[in-house]
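Student: Just passing along the structure, written as structure tokens.
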Amino acid sequence: MDPVVILFGLGVGILVGLTGVGGGSLMTPLLVIVGGYSPVVAIGTDLAYGAITKTVGGWRHLRAGHVDLRLSWWLAAGSVPGSLLGVIAVNRLTDAYGDGFQPVLLGVVAGALALASAATLYRAMFRPGLVAAERHSALLEGHVSKAGTIATGALLGFILGMTSVGSGALIGLALILLYRLNPRRVVGTDVFHAAVLLWTAGLAHWASGNVDLVLMATILIGSLPGVWIGTALVPHVPVVGLRHGLGVVLAAAALGVLSKAGVPVSPVEIVGIPVLLAVLAVVVHRRRGPAVRPSTRRRDLPTGPPATEEA
């Protein structure tokens with residue numbers, strides 16, 4: 001077993017548990033760039049290990065009250081069949097055209113992640129007043145109705161089935177922009193829903209012969225304790241810091257996906273650019289002063305009993 005892969009699993013597991021992002025967006029590029037595995041095997045194995053990792057994280061977030069169950073099930077109604085269609089599509093397109101179609105698709109996904117990161121960090125650093133609209137539970141009405149939620153899940157599930165990207169980065173973005181959940185509920189709902197989704201896509205890739213079981217076991221040695229550590233840290237991380245962290249991790253995800261698309265992004269850039277963004281976020285937050293912190297904490301308090309909202 002490769003100790004480097006175990007360390008990758010540990011680091012990505014902590015990110016998944018803490019932010020809900022990092023699985024397919026970061027692990028697959030690491031396996032391709034550093035491990036030298038083929039993209040199809042990296043994607044399939046990533047989804048299979050991610051199913052187990054996010055099951056552990058989802059259970060812990062559910063017990064901690066960080067999951068909007070109602071929203072999770074409506075998303076899954078679209079994402080589960082969508083992921084199956086994505087796996088079927090990637091298998092057929094690979095047989096017909098090889099890997100030539102993937103760089104374009106991954107480039108579009110990377111662009112979406114970069115925009116999401118920029119929007120999230122801009123809101124957190126320069127428009128803190130916008131967090132007043134954040135909620136403890138989603139309102140499935142209007143432009144984000146139940147039908148719209150199923151359609152959103154189907155699209156994101158399809159992308160995940162094809163690329164392994166989306167269980168954290170893209171679905172987390174939807175939870176922020178469409179449903180305006182507060183950061184802790186974004187993380188918990190994202191991880192819980194991803195557990196259901198990844199079991200579907202992972203088993204489909206396993207049936208297609210795209211999963212390296214030895215590699216998956218090696219990743220799990222690091223990722224299982226990592227996600228346990230990450231979920232345990234969520235209640236102790238300041239909400240403001242978690243909001244900035246989501247934006248920084250989305251930036252790292254965008255760089256990782258760009259590398260999958262064939263753009264020459266080095267591992268140093270994948271790590272260094274998010275670190276610089278994190279430093280910038282800290283500097284801006286400190287210059288704003290402590291006056292905004294109490295109001296930020298109040299806005300993230302639940303507006304009603306979790307049992308009623310998740311029914």
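The values are calculated or read from the model by the stated rules, or taken from the named source; none is laboratory data. Worth saying up front: this structure is predicted, and the values here are computed from it rather than measured. Please note: Cβ atoms are built from the backbone with ideal geometry, for glycine as well, and neighbour counts cover all protein chains shown. We work out accessible area using only protein heavy atoms, side chains counted, and drop any ligands, DNA or RNA first. Shrake-Rupley method; radii C 1.70, N 1.55, O 1.52, S 1.80 Å.
Student: Only one of (1) outside any helix (DSSP H, G or I); (2) touching a helix residue (DSSP H, G or I) at 6+ places or on another chain (Cβ under 8 Å) is not met by GLY100, so which one is it?
Tutor: Tallying (1) outside any helix (DSSP H, G or I); (2) touching a helix residue (DSSP H, G or I) at 6+ places or on another chain (Cβ under 8 Å), GLY100 fails exactly one: (2).
Student: Now a separate question. When the residues of the stretch 1-55 are narrowed to those that are assigned to a helix (DSSP H, G or I) and among the hydroxyl-bearing types (Ser, Thr, Tyr), which ends up modelled with the lowest pLDDT?
Tutor: The selected residue is SER25.
Student: Specify which of the listed residues (LEU71, LEU105) is at negative phi, out of contact with any Gly (no Cβ under 9 Å at 6 or more places or on another chain) and open to solvent by less than 10 Å² (accessible area, probe 1.4 Å).
Tutor: None of the others qualify; the one that does is LEU71.
Student: Taking PRO302 and the conditions (1) closer than 23 Å to ALA124 by Cβ; (2) open to solvent by 60 Å² or more (accessible area, probe 1.4 Å); (3) part of a helix (DSSP H, G or I); (4) at pLDDT below 85, which numbered condition does it fall short on, given that it satisfies the others?
Tutor: (3)
Student: Looking only at residues that are open to solvent by 40 Å² or more (accessible area, probe 1.4 Å) and without any contact (Cβ under 8 Å) to a residue 40 or more places away in the chain in the stretch 240-277, which one is nearest to LEU115 (Cα to Cα)?
Tutor: The extreme case among them is ILE273.
Student: With respect to TRP199, determine if the residue is touching a Gly at 6+ places or on another chain (Cβ under 8 Å), surrounded by fewer than 22 Cβ atoms within 10 Å (Cβ to Cβ) and at pLDDT 90 or above.
Tutor: no
Student: Next question, about the same structure. Name the pairs whose Cβ atoms lie under 9 Å apart, with the first residue in the stretch 210-239 and buried (at least 22 other Cβ atoms within 10 Å of the Cβ), the second among the basic types (Lys, Arg), and 6 or more positions between them or separate chains?
Tutor: VAL227/LYS54; VAL227/ARG60; THR231/ARG60; VAL234/ARG60; VAL234/ARG184
Student: I'm told SER223 meets every condition in (1) touching a Phe, Trp or Tyr at 6+ places or on another chain (Cβ under 7 Å); (2) small (Gly, Ala, Ser); (3) at pLDDT 90 or above except one. Can you identify the failing condition by its number?
Tutor: It fails just one condition, (3).
Student: Something else now. Filter the stretch 278-293 for residues that are among the hydrophobic types (A, V, I, L, M, F, W, C), open to solvent by 50 Å² or more (accessible area, probe 1.4 Å) and modelled with pLDDT of 80 or more and give the result.
Tutor: Within the stretch 278-293, VAL279, LEU280, VAL282, VAL283 meet the criteria.
Student: State the number of residues belonging to the stretch 60-83 that are assigned to a helix (DSSP H, G or I), among the hydrophobic types (A, V, I, L, M, F, W, C) and under 20 Å from PRO183 (Cβ atoms).
Tutor: Counting residues in the stretch 60-83 that are assigned to a helix (DSSP H, G or I), among the hydrophobic types (A, V, I, L, M, F, W, C) and under 20 Å from PRO183 (Cβ atoms) gives 4.
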